[in-house]
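The values are calculated or read from the model by the stated rules, or taken from the named source; none is laboratory data. Computed from a prediction, not measured in an experiment: that's the story for all the values here. Reconstructed Cβ throughout: ideal geometry from the backbone, glycine too, with neighbour counts over all protein chains shown.
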Amino acid sequence: MGEWYEQSFGEDYLLVYKHRDFQGAYQEVQKMISWVKLPQGSSVLDLCCGMGRHSLALADAGYKVTGVDLSDVLLREARAADSEGRVSWHQGDMRAVPLDERFDAVVNLFTSFGYFEQDEEQLSVLKEIHRLLKPGGRFIIDYLNPAYVAAHLVPHSSREDDGNWIEEHRVIEDGFVKKQIAIRSSASAVTARAAAGPDTTAAGEESARVYHERVKLYPYEKFRTLLEQAGLSVEQLHGSYNEDQYIEDASPRMIFVGVRA
């Protein structure tokens, strides 16, 4: 069985996270543009681009955008949303990005970081960001705030969505925040299938599709040390896309903005 990130970003990911909308991405991109102050036409790499929400918003803002992600399912969705082919999409691992091009900016958004067991693996991602940036190139890394996560962790939640029952269990353990997601057809969906014919599965026999997510928790000082080891210099730190000031116990995010040293 492969690593969790090789299993979890498939078709069911689209169901669990479909609430992430394009309008929100456009608003966040406007903030990012104000932070990095890049002229239109600059080249931007969206590293771990997912379904391409931010890549497409950056393209609409006048940038030359490249999107890289490991998931072929998410890249399929990104290409489908990019009917005009404005973004160059590539499949690849963020620890060894299959590109030789250098960019004016690299963005890594919505905690697409901390996926690996060892610090050296996370550092390899940051070194790739350094390699992919032109001298003086800008970066944005949008990561969770560990103190906020610990204070606001919801151990269990569940909901029904599109005929599916989704349960999520969360725990902080061994320096990671871990989530288990179990998806079953909801009782109403099972009842509907039963009414349709005898070749259906009873609700009690419905097996769950189970996925895991795991992100290593790096407090501010440790994260900044990793950035410095990779040759990345922090110039700004934001606590969210709405509030500029980072407050350790109150800010939901740690959004690092800086430059290749």
Here's a check for you: in segment 92-111, which residue that is out of contact with any strand residue (DSSP E or B) (no Cβ under 8 Å at 6 or more places or on another chain) and in a loop (DSSP other than H, G, I, E, B) is nearest to I140 (Cα to Cα)? R95
Any idea how many residues of segment 131-141 are farther than 22 Å from D244 by Cβ and buried (at least 17 other Cβ atoms within 10 Å of the Cβ)? 3
Anything in segment 84-118 that is surrounded by 14 or more Cβ atoms within 10 Å (Cβ to Cβ), farther than 22 Å from V257 by Cβ and either at pLDDT below 95 or charged (D, E, K, R) (or both)? List them, or say none. R86, D93, R95
Give the residues of segment 20-58 that are touching a Gly at 6+ places or on another chain (Cβ under 7 Å) and over 25 Å from V125 (Cα atoms), sorted by residue number. Q40, G41
Take segment 60-72 and flag every residue that is surrounded by fewer than 23 Cβ atoms within 10 Å (Cβ to Cβ) and aliphatic (A, V, I, L, M). A61, L70
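Return the residue satisfying two criteria in turn: it lies in segment 242-258 and is under 14 Å from V107 (Cα atoms) and of a type outside the set (G, A, S), and of such residues it is farthest from the chain's Cα centre (by Cα). Outline the logic, then answer.
To start, the set of residues in segment 242-258 that are under 14 Å from V107 (Cα atoms) comprises 254-258.
Filter again for of a type outside the set (G, A, S), leaving 254-257.
Working: M254: 14, I255: 13, F256: 15, V257: 17 Å.
Among those that are under 14 Å from V107 (Cα atoms) and of a type outside the set (G, A, S), it is V257.
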The lone condition K127 fails out of (1) in the same structural domain as E248 (by TED's automatic domain parsing); (2) out of contact with any Gly (no Cβ under 9 Å at 6 or more places or on another chain) is (2)
If you check every pair at least six apart or on different chains, which have Cβ atoms under 9 Å apart with a residue in segment 29-55 that is touching a residue at least 60 places away in the same chain (Cβ under 8 Å) and among the hydroxyl-bearing types (S, T, Y) first and a residue that is surrounded by fewer than 24 Cβ atoms within 10 Å (Cβ to Cβ) and in a helix (DSSP H, G or I) second? S42/V36
Just to confirm my filter: which strands (runs of 3 or more DSSP E) fall fully inside segment 153-241 and include at least 1 residues that are modelled with pLDDT of 85 or more, surrounded by fewer than 18 Cβ atoms within 10 Å (Cβ to Cβ) and touching a Phe, Trp or Tyr at 6+ places or on another chain (Cβ under 8 Å)? 156-161, 176-185, 209-216, 232-238
Would you check which residues across segment 226-241 are farther than 15 Å from G258 by Cα and without any contact (Cβ under 8 Å) to a residue 40 or more places away in the chain and list them? S240
